[in-house]
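What follows is a single structure, written as structure tokens, with notes after it.
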Ligand code: URA
């Protein structure tokens, strides 16, 4: 087999066989196929697309390119949840313990956040003592005894995606639906869970701008999961404004605790419950309405909060900070943004808040950047709230005044107030399974 023939075939719109796709994946990770051929191959896929069979086979070949987690000893109850990324999205910290409290096994190995999409382990590491670096035996042991593990990635999972994604990033080939779907799903397949709940976001703070684009991506991911014998549900959800009221790692842990204590903001609570219900529906095989009742019971009884505390304690975290979040030390600097007139809050826009959170130090520009756990934004007024001139609409937190000033300039410009109540898009646009 020669790589140039595969490129020619795809360039002319042909469908590649499983052997050809495996040849590319193996050759590329072993450095036998150079970057320039991988780039030409990605561009040919960008123009010609892939059939659903090709996409599923490519995904499986990528998942098989490195280490994989074997959760087969837990049977059918293993569930993973994936969010395509957004601003203030802390639903994993809420939905995962709800599902685990109901009897699902949620053993997640997650990557860190890049840009304004915070990673779950980054958020959890803002709890003093918490460690996301678990030895393999500890990972499986905690999955067995507690049913909830939120760990960072170890070993070399999906090396082909790591290499190819970096190449796509600099060759104009990121925005290809089959390549995006294969990239995300290869990591989910390697993560080992039998059941998958996908939260595909759309809006200014998401990878996909419109519900239609998000639906197209979701359909491709559902098709891959089904072809690879996983049970799957995808929800298309709104990311035009941040989810909840807090953005930033420690702030998001605090807000997740608010939800688990029954005092959460409405849309955040509602989406967390919807995702947890889907996890329980798939993991325990319960009908949807029963799964929903179970999720609500796990939340209101405190069982989900107890589950999160157990998992955090098992991973070395000092749970007193979760039980009393006022113990967290405050950020060194803070400031407020005030409403300049009376009226209804139109935003805040997810993209602007996301960018500002990176300026404050809550997100990374580059993989090696250190994040400040205390940095972030508290949105004291939400879309549709009526505010009066001089009311505080946002509080900003960072370790120095320079960061505060940069974020304040960006956010002050983006705060919009209107005399008319803005229209509010639905929280969940569609359910795909
Ligand atoms: N996220 C991924 O993991 N891969 C892509 O290709 C795009 C977004």
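Laboratory data are not the source of any read-out in this text; all were calculated from the coordinates shown. This one's a predicted model, so the numbers in the text were calculated from it and none came from an experiment. Methodologically, a virtual Cβ is constructed for each residue, glycine included, from the backbone with ideal geometry; neighbour enumeration extends over all protein chains shown.
Shape of region 295-386 from the C-alpha gyration tensor: oblate (a/c of 1.5 or more and a/b not above b/c, with a ≥ b ≥ c the square roots of its eigenvalues). For 158, 358, the sequence from fewest to most other C-beta atoms within 10 Å is 358, 158. Relative to the longest principal axis of the Cα atoms of the chain, the long axis of helix 249-260 makes an angle of roughly 80 degrees. Helix-only estimate, please: 222 nm mean residue ellipticity of the chain, summing -39500 (n - 2.57) across DSSP H runs of length 4 or more and dividing by its residues, to the nearest 500. The helix-only estimate for the chain comes to -14500 deg cm²/dmol at 222 nm. In the chain, the longest principal axis of the Cα atoms and the axis of helix 303-314 are about 70 degrees apart. If you wrap the tightest convex hull around every Cα atom of region 332-418 and split its volume per residue, you get 80 Å³.
Taking the fewest neighbouring Cβ atoms within 10 Å as the starting point, the ordered list for 199, 372, 342, 80 is 342, 372, 199, 80. The Cα center of region 278-342 and the Cα center of region 355-392 differ in position by 20 Å. Is the shape of region 3-49 best called rounded, prolate or oblate, per the rule: a/c under 1.5 gives rounded, else a/b larger than b/c gives prolate, else oblate, with a ≥ b ≥ c the square roots of the Cα gyration tensor eigenvalues? Oblate shape, in that a/c is at least 1.5 and b/c is the bigger or equal ratio.
Taking only Cα atoms and a 10 Å spring cutoff, compute GNM fluctuations for the chain and point out the largest among 52, 412, 73. The residue with the greatest mean-square fluctuation here is 73. In terms of its C-alpha gyration tensor, region 139-203 has a prolate overall shape, because the principal axis ratio a/c (a ≥ b ≥ c, square roots of the eigenvalues) is not below 1.5 and a/b outweighs b/c.
Here the average projected area of the convex hull drawn through the C-alpha atoms of region 104-187 stands at 6.9 nm². Note that the chain carries a Kirkwood radius of 22.3 Å, evaluated over its alpha carbons pair by pair. Taking other C-beta atoms within 10 angstrom as a stand-in for reagent exposure, 9, 123 fall in the order 9, 123, fewest first. When every Cα-Cα distance of region 264-421 is counted in 10 angstrom steps from zero, the calculated P(r) takes the values 10, 26, 29, 26, 9, 0 percent. For the chain, the longest principal axis of the Cα atoms and the long axis of helix 350-360 meet at an angle of about 80 degrees.
Distance from the Cα centre of region 155-201 to that of region 41-105, in angstrom? After rounding, the separation between the Cα centres reads 8 Å.
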